[in-house]
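The values are calculated or read from the model by the stated rules, or taken from the named source; none is laboratory data. Only a predicted model underlies this, so the values are computations on that prediction, with no experimental measurement involved. Using ideal geometry, Cβ is built from the backbone for each residue, glycine included, and neighbour counts are taken over all protein chains shown. The area values use the complete protein model at the heavy-atom level, side chains included, leaving out ligands, DNA and RNA. Shrake-Rupley method; radii C 1.70, N 1.55, O 1.52, S 1.80 Å.
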Amino acid sequence: MADSTRESRRRVIVLGTGGTIAGRAASVGDNIGYTAGQMGVTQLLEGIEAPAGVVLHTEQVAQVDSKNMSFAIWRRLAERCAHWLAEPDVVGLVLTHGTDTLEETAFFLQSVLAPAKPIVLTCAMRPATALTPDGPQNVRDAIAVAASVGARGVVAVCAGAVHGAFDVQKVHTYRVDAFGSGDAGPVAYVEEGALRELRQWPFLPAEQARLAFERMTLAARWPRVEILLSHAEADGGIVDALVAQRQAGAPGAVQGLVLAATGNGTLHEALEAAALRAQAAGIAVVRATRCMQGRILPTPDATLRDAGALTPVKARIALVLELMATEAGGA
Ligand code: SIN
């Protein structure tokens with residue numbers, strides 16, 4: 001049951017951002033023709049009991065279909081998370097979120113908060129109005145994780161698995177078990193409200209995150225970083241157009257490029273040539289593999305740096321934060 005008092009000893013704060021988990025369809029049999037982000041977060045907790053000794057408190061931070069996620073929402077979310085994490089009686093946070101960009105939000109929050117307490121993103125593949133919605137069990141599991149002693153960092157909970165922010169990826173378009181952690185595997189499973197831990201919880205030096213958080217809140221405009229895919233017949237024309245826009249001094253011109261590369265970070269030769277021209281023109285260029293699993297292993301002849309195990313969408317966030325640091329004159 002939701003409670004808005006501040007006196008409780010162990011609180012879990014549930015922050016709503018929208019998504020299918022808060023979605024409504026016209027009929028109970030419709031799992032795909034719905035509108036995301038329709039129900040408030042307090043409504044999502046109806047019928048869900050808090051673990052013993054834990055009091056739940058809700059806050060609606062946004063109400064969007066997560067495909068439309070924005071820097072403005074990320075910034076507000078990070079600020080609200082920081083606010084709640086600083087409260088001594090708050091043991092953890094739960095974020096209800098759409099599945100489509102959940103991995104981006106998780107990676108972003110881990111990069112700017114690196115919390116010692118858990119921030120648990122959860123979601124649903126079926127709308128709240130479905131005959132058998134998956135949201136309520138996911139929320140229940142997420143609250144159990146957020147209240148667990150020893151849980152830390154930003155994780156995602158879906159279909160009973162706990163995935164670390166650096167590894168989590170949406171891997172299925174329809175199944176309720178829609179997330180994976182690639183080679184790393186899940187951090188833990190949630191079974192009847194108890195954690196079965198498999199490996200270390202996500203870790204990032206807190207000082208690095210603190211600086212990233214500060215720059216993020218101070219930046220008047222976040223750097224524009226685009227993702228371009230290497231594929232058969234890729235000719236680099238879009239890269240050249242972006243460079244030309246920048247050289248013409250267009251407002252909001254691109255500052256960074258992530259190239260979603262084939263295999264071990266390779267690029268179509270025409271795209272690579274254009275990327276080198278972009279790099280020479282002052283645009284930060286990074287390669288990330290478009291493969292679902294594995295990482296880019298460094299090769300001595302590489303002319304463009306790589307993002308290691310980061311997927312293109314996460315490499316983009318890392319580059320946005322890195323460019324903010326450069327602009328602020330930091331490392
Ligand atoms: C969204 O990402 O907000 C819509 C899709 C989903 O939550 O599954």
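Restricting attention to the range 272-283, does a residue exist that is aliphatic (A, V, I, L, M), in contact (Cβ under 8 Å) with a residue 24 or more places away in the chain and not in a helix (DSSP H, G or I)?
Yes, because at least one residue in the range 272-283 is aliphatic (A, V, I, L, M), in contact (Cβ under 8 Å) with a residue 24 or more places away in the chain and not in a helix (DSSP H, G or I).
Which ones in the range 62-72 are open to solvent by less than 50 Å² (accessible area, probe 1.4 Å), in a helix (DSSP H, G or I) and closer than 19 Å to A318 by Cβ?
none
Which residues, counting only those in the range 119-143, are surrounded by 24 or more Cβ atoms within 10 Å (Cβ to Cβ), in contact (Cβ under 8 Å) with a residue 60 or more places away in the chain and more than 16 Å from the ligand (Cβ to nearest atom)?
I143
Filter the range 33-60 down to residues that are of a type in the set (V, I, T) and surrounded by fewer than 18 Cβ atoms within 10 Å (Cβ to Cβ), then give me how many there are.
Of the residues in that region, 3 qualify.
When residues of the range 284-331 are filtered for being under 30 Å from A178 (Cα atoms) and assigned to a strand (DSSP E or B), how many remain?
5
Does V91 satisfy being under 20 Å from A209 (Cβ atoms), of a type in the set (V, I, T), open to solvent by less than 10 Å² (accessible area, probe 1.4 Å) and away from the ligand (no atom under 12 Å from the Cβ)?
No: the conditions fail for V91.
Test of understanding: among A114, A106, which residue is open to solvent by less than 20 Å² (accessible area, probe 1.4 Å), within 25 Å of G182 (Cα to Cα) and either away from the ligand (no atom under 16 Å from the Cβ) or among the acidic types (D, E) (or both)?
Answer to the selection: A114.
Where in the range 145-256 are there strands (runs of 3 or more DSSP E), lying wholly inside it, with at least 2 residues that are among the β-branched types (V, I, T)?
So the answer is 153-158, 225-229.
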